[in-house]
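Everything on this sheet refers to the single structure shown next.
The values are calculated or read from the model by the stated rules, or taken from the named source; none is laboratory data. This one's a predicted model, so the numbers in the text were calculated from it and none came from an experiment. Here the Cβ is made from the backbone with ideal geometry for all residues, glycine too, and neighbour counts use every protein chain on show. Heads up: the accessible areas ignore ligands, DNA and RNA and are worked out on the full protein's heavy atoms, side chains in. Shrake-Rupley method; radii C 1.70, N 1.55, O 1.52, S 1.80 Å.
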Amino acid sequence: MEEVKGKEVLRIEGLHKRFGALVVLDDVSFDICQGEFICALGPSGCGKTTILRIIAQLAHLDEGRIFIHGNELITEGYLDDLSVVFQEPRLLYWRTVEENVKLALELKRGRVSDRDEAVVKKALSMVGLSDFGDAFPHELSGGMKQRAALARALVTEPSILLMDEPLTGLDLRTREDLQDEILRIWKERDMTAIFVTHDPQEAIYMADRIIVLSDRPTKVKEVLKVSLNRPRNRDDQRIKELEKYIRALFGYKKLE
Amino acid sequence: MRAKIFYSVFAISAFLVLWFVISGYYNSPLFPGPIETVYAFFSILATQDGWYQIGVTCYRVFVGTLFGSCVGALCGILPRYSKMAEYTVKSVVYPLFESIPSLCWVLIFVVWFGLSEMTPILAITAAVIPFFIINIWEGVKELDESLIEMAHTCTRNRLRILQKVIMPMLYPYAFSAFKTSFEVAWKVVILGEVFGAACGIGYMLWISYEVYAIEYVFAWTLCCAIIIIVFDYGGFNYIDRRYMRRWKR
Ligand SMILES: Nc1ncnc2c1ncn2[C@@H]1O[C@H](COP(=O)(O)OP(=O)(O)OP(=O)(O)O)[C@@H](O)[C@H]1O
Ligand SMILES: [Mg+2]
């Protein structure tokens, strides 16, 4: 039996989702505990984004139940507690980086106070963008845009952070830097994180547990516990072995 | 740039000379030349009343366009939120305002309101509404839904999303609607003032015509032309270059 890290935060039971005739999610269940870092790993098009969108209440589920702290009811407070980082940065092009980060507060509360200026600055420094507050999104590199999106997600001090392949499309060096920063912030803020990826190595490096999803119609293939100590070493032989194991699950078919 | 200025100056001079020659040839009070016209123009500007008439017309253009922009923008954006609104706007409101000639509006409003402030203002409103509707529609079609979805993860409050995310994406479309509407409004306001007002440039045009002071008809016409050109080139183009960049993709 795995030891339980904390109290259960989120539990998903029997999620089904169809788009017309296309059955995307076919009975997906898993749970997430307080302070846990969960990776959802699956091939392209298997419905990873769809799962996150359902959790964030951006899409309806056809069947299934979602429990928050043991209650099925999804309250306003739950959404206040949750932030999403998308596959693309989704920054407002007419706002500077700082204004983009502030947007999350403006939307959440209606107006921002002077105290919030400091909160925004702190979020920017947390992702290493202190010097770029006045830059516009088009003036940033891909990695910096994703950092800005991360700052926007963090500024509302969520306890649950959903990330949808935020590092896909970035070069290897930037990816690895950002992986480490996300882990650092997750630890510092004591957040519960769900991180979607199609890269097994990334999942193993980051996750406490990996939810391995099958091809469409998607089920949970396996829940893998990664019991390597943090900080982890990318060259660790055990990471390589786990990666081999996961690739074998997919019959060595390319995951990308 | 130098060449452009040279050609403009040349074209304008040629036009003035031609005008001068033709009017000189006819030598009739019904065809005043540039000198008489410019003289009348400055004699208008020399009086307080002249400036008052210009001011009144500008005020009507402004208020009428403002009303039109509110109604038009609302009709442009509501279809996003309700099917009912979509059908109403697409099959009733837009065709109505699109198809009725401005002169008809003017006559209808004269019947209803008489010679009042309301007549030219509402005529402008009715004339510019379709331009706002169509531009805002265009903008709504081009909205970046991924940004709106992102906003939905921050709040449930749709009004805030409208204010902070959707409306800024529509600014460039509203701006170009204002630009077109302004030109349309100037044409309509003159019509409205001729038939339905007791002051303003259109009214003065009508009065000058009634007393056969054709040089004043020309002078008031010159007034309109100058105001439109100044606003278009100086006003709108300047704002476009200087301030609208950040709202465009
Ligand atoms: N709004 C929608 N309407 C119709 N089909 C959809 C919609 N959203 C997703 N799908 C379909 O559902 C399936 C899963 O999509 P989803 O975006 O969740 O996959 P994903 O696992 O995130 O893929 P990727 O790794 O490429 O991001 C896809 O086949 C897609 O075509
Ligand atoms: Mg996806």
Filter the range A:143-162 down to the residues that are within 16 Å of ligand 2 (Cβ to nearest atom) and within 12 Å of chain B (Cβ to nearest Cβ) and list them by number. A:Ala149, A:Leu162
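One line per residue, one yes/no per condition, for (1) under 18 Å from A:Asn100 (Cα atoms); (2) more than 25 Å from the chain's Cα centre (by Cα); (3) of a type outside the set (Gly, Ala, Ser):
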position	(1), (2), (3)
B:Leu115	no, no, yes
B:Thr119	no, no, yes
B:Thr125	no, no, yes
B:Pro130	no, no, yes
B:Ile133	no, no, yes
B:Val140	no, no, yes
B:Ser146	yes, yes, no
B:Leu162	yes, yes, yes
B:Tyr173	no, no, yes
If we keep only residues of the range A:1-28 that are in a strand (DSSP E or B) and open to solvent by 50 Å² or more (accessible area, probe 1.4 Å), then the residue nearest to ligand 1 (Cβ to nearest atom) is A:Phe19
Helices (runs of 4 or more DSSP H) wholly inside the range B:57-152 that include at least 1 residues being in contact (Cβ under 8 Å) with a residue 24 or more places away in the chain and farther than 26 Å from B:Ile226 by Cβ: B:94-99, B:102-113, B:118-141
Can you pull out the residues in the range A:9-46 that are polar (S, T, N, Q) and at pLDDT below 90? A:Ser44
Going by the conditions given, is A:Arg111 in a loop (DSSP other than H, G, I, E, B) and surrounded by fewer than 18 Cβ atoms within 10 Å (Cβ to Cβ)? yes
Hey, B:Val17 of a type in the set (Val, Ile, Thr) and closer than 23 Å to B:Val230 by Cβ or not: no
Within the range B:194-249, restricting to residues that are within 14 Å of another protein chain (Cβ to nearest Cβ) and assigned to a helix (DSSP H, G or I), the one that is most open to solvent (accessible area, probe 1.4 Å) is B:Arg245
Six or more apart or on different chains, Cβ atoms under 8 Å: show the pairs whose first residue is in the range A:10-38 and touching a residue at least 12 places away in the same chain (Cβ under 8 Å) and whose second is among the hydroxyl-bearing types (Ser, Thr, Tyr) and outside any strand (DSSP E or B). A:Lys17/A:Thr50; A:Val24/A:Thr50; A:Leu25/A:Thr50
For A:Arg65, only one of the following conditions fails: (1) out of contact with any Leu (no Cβ under 8 Å at 6 or more places or on another chain); (2) within 14 Å of chain B (Cβ to nearest Cβ). What is its number? (2)
Only unsatisfied item for B:Leu159, checking (1) touching a helix residue (DSSP H, G or I) at 6+ places or on another chain (Cβ under 8 Å); (2) farther than 30 Å from B:Glu117 by Cα; (3) assigned to a helix (DSSP H, G or I); (4) within 12 Å of chain A (Cβ to nearest Cβ), is (1)
Residue count, the range A:37-94, condition part of a loop (DSSP other than H, G, I, E, B), open to solvent by 50 Å² or more (accessible area, probe 1.4 Å), charged (D, E, K, R) and within 16 Å of ligand 1 (Cβ to nearest atom), comes to 2
Index of the failed condition, A:Trp94 passing every other in (1) within 7 Å of chain B (Cβ to nearest Cβ); (2) on the phi > 0 side of the Ramachandran plot: (2)
Restricting the range B:163-183 to residues that are more than 10 Å from chain A (Cβ to nearest Cβ) and among the aliphatic types (A, V, I, L, M), the residue that is surrounded by the fewest Cβ atoms within 10 Å (Cβ to Cβ): B:Met167
